[in-house]
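Novice: Have a look at this one before I ask anything.
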Amino acid sequence: MNKVETSFLHKNQFGEDFLWGVSTAAFQIEGAPDSDGKGRSIWDVFTSQKGKIKSGHHALTACDFYNSYQSDIDLIRDLNIPNFRFSISWPRIMPTGVLPVNEAGIVYYNKIIDSLLSAGIEPWITLYHWDLPHELEIKGGWTNRESVNWFSAYVEVCVQNFGDRVKNWMVINEPSVFIGAGYFLGIHAPGKKGITNYLKAMHHVTLATTAGAKIIRNHIPDAHIGTTFSCTHIEPATQSSKDVEAAKRVDTLLNRTFIEPILGLGYPQADLPVLKKLNAYIVEDDLNNLSFDFDFIGLQCYTREVVKSSLLIPYIGAELISAEKRNVISTDMGWEVYPPALYEVLKKFNAYKGIKKIIITENGAAFPDTLKNGKVYDIKRTHYIQDHLEQILKAKKDGLNVDGYFVWTLTDNFEWAEGYNARFGLIHVDFDTQQRTIKHSGLWFKDFLS
Ligand code: NOJ
């Protein structure tokens, strides 16, 4: 690999204002769980429990970004990437989740922000990327309505300390994933299960999303405020009315339930009757506090799902047919490689009148890397990114709005319950030595952005 493989793609085809970036999250990269007064998060606790994470992996060191942020920021600059998305660890700056503030945590994020700005890289902050302070979990976490106030106080601290330099903010990352996996299925932190936990957390996180956005707007009038949602193109396995109806319910659950209240459309209870149970937790005035006029919506799309009807699955009456069963090409996450999904979700979300701007805040793939003579070959990842960028060009040509693309992710990192088994990075990490090597995909992206 002496030369980066040529492709006809170049950033200029996307227009001058198109935003290019790379996304990360605190818990997946930082390590240093106890350094400088940090409190424990639900993920610190979850990863310390036996059997929760594949191969017994933990995130005590992760990518050591807590210590190596400067050299990683140098790498972002070397790759010509102009925007860096990272998240704040709530318990690093508020160890118990509430006041007082841990000044050392503020100092740490200030160093990151200042270092990015001096490298000419724009900081994009995600306020909540899943690492709730454990002390708040003891009080019920997101299932406790107080969580809206806890979160609001935390957002105040962030905007007061970082708002003078940071203009791009995302309030909550992928609520459907962390609430589904963490509060219904119990396979992510905090490991809670059941419909009651799920629905309570859903409503409180939705209220917290708009409460947080309002606080940012009040403190930083010119802030560029968004929040991010996972989304998936859904198709029925057959055209039978049963499968078509099942696909509609899954689409409602995965694509509509979390965004529609934010857009002022309320929860989609008609298309997913189990959501009517939410009424038990909705109190006076809530319906007026569920929406916010976001400057942008971040969409995170990796694949499509094919759905068949199933009487065995409670509440939803539907089952996803895995990529393996369908015998299609998939990634190390078991997700089908299907680039047109990105076009389809852009079409779907463009149809909402309330969305002003769409940015793809995550897209990328977990594939194994081949190391040879000090180089890292990951041609599948390069093609995955190129093929998804082609879909964005197609969408733009068809008049759909899409204003940016952030790759998931900078370096290989801790992929939640998958541990380090799923590598998503543009940069390879040897987790024994912490050595970084830019992969073929990273070199291609650098060239593309030049
Ligand atoms: C979604 C999440 O935001 C991120 O934390 C995760 O690592 C990627 N997608 C890949 O699964």
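The values are calculated or read from the model by the stated rules, or taken from the named source; none is laboratory data. Here the structure is a predicted model, which is why all the values come from computation and not from measurement. Note that we place each Cβ from the backbone using ideal geometry, even for glycine, and neighbour counts take in every protein chain shown. For the accessible areas, the whole protein counts, side chains as well, though only heavy atoms, and no ligand, DNA or RNA atoms are used. Shrake-Rupley method; radii C 1.70, N 1.55, O 1.52, S 1.80 Å.
Novice: Based on what the data block shows, is residue 19 open to solvent by 20 Å² or more (accessible area, probe 1.4 Å) and under 18 Å from the mean Cα position of the chain (by Cα)?
Specialist: Yes, satisfied.
Novice: While we're here: In region 208-235, which residues are within 16 Å of the ligand (Cβ to nearest atom) and within 14 Å of residue 295 (Cα to Cα)?
Specialist: 209, 226, 227, 228
Novice: Out of the strands (runs of 3 or more DSSP E) lying entirely within region 344-420, which hold 2 or more residues that are open to solvent by less than 10 Å² (accessible area, probe 1.4 Å)? If you could, list the steps in order and put the result at the bottom.
Specialist: Details: elements: 358-362, 370-372, 375-377, 404-408.
Filter on region 344-420 gives 358-362, 404-408.
Novice: Being of a type outside the set (Phe, Trp, Tyr), within 21 Å of the chain's Cα centre (by Cα) and part of a helix (DSSP H, G or I): is that true of residue 187 here?
Specialist: In short, no.
Novice: Considering 39, 31, 51, which residue is part of a loop (DSSP other than H, G, I, E, B) and in contact with a Pro (Cβ under 6 Å, 6 or more places away or on another chain)? Working first, answer last.
Specialist: Details: 31 fails: in contact with a Pro (Cβ under 6 Å, 6 or more places away or on another chain); 51 fails: in contact with a Pro (Cβ under 6 Å, 6 or more places away or on another chain).
The unique qualifying residue is 39.
Novice: Looking at (1) away from the ligand (no atom under 16 Å from the Cβ); (2) open to solvent by 30 Å² or more (accessible area, probe 1.4 Å); (3) aliphatic (A, V, I, L, M), which is the one condition that is false for residue 187?
Specialist: (1)
Novice: Find all pairs meeting these conditions: Cβ atoms under 6 angstrom apart; at least six residues apart or on different chains; first residue within region 222-247 and under 19 Å from residue 271 (Cβ atoms); second residue in a strand (DSSP E or B) and of a type in the set (Gly, Ala, Ser).
Specialist: Sorted first by the residue in region 222-247, then by its partner, the pairs are 242/309; 243/309; 246/309; 246/318.
Novice: Of all residues being surrounded by fewer than 21 Cβ atoms within 10 Å (Cβ to Cβ) and outside any loop (DSSP other than H, G, I, E, B) in region 310-335, which is nearest to the ligand (Cβ to nearest atom)? Just the residue, please.
Specialist: 330
Novice: From 91, 82, grab the single residue that is open to solvent by less than 20 Å² (accessible area, probe 1.4 Å) and of a type outside the set (Lys, Arg).
Specialist: On inspection, the qualifying residue turns out to be 91.
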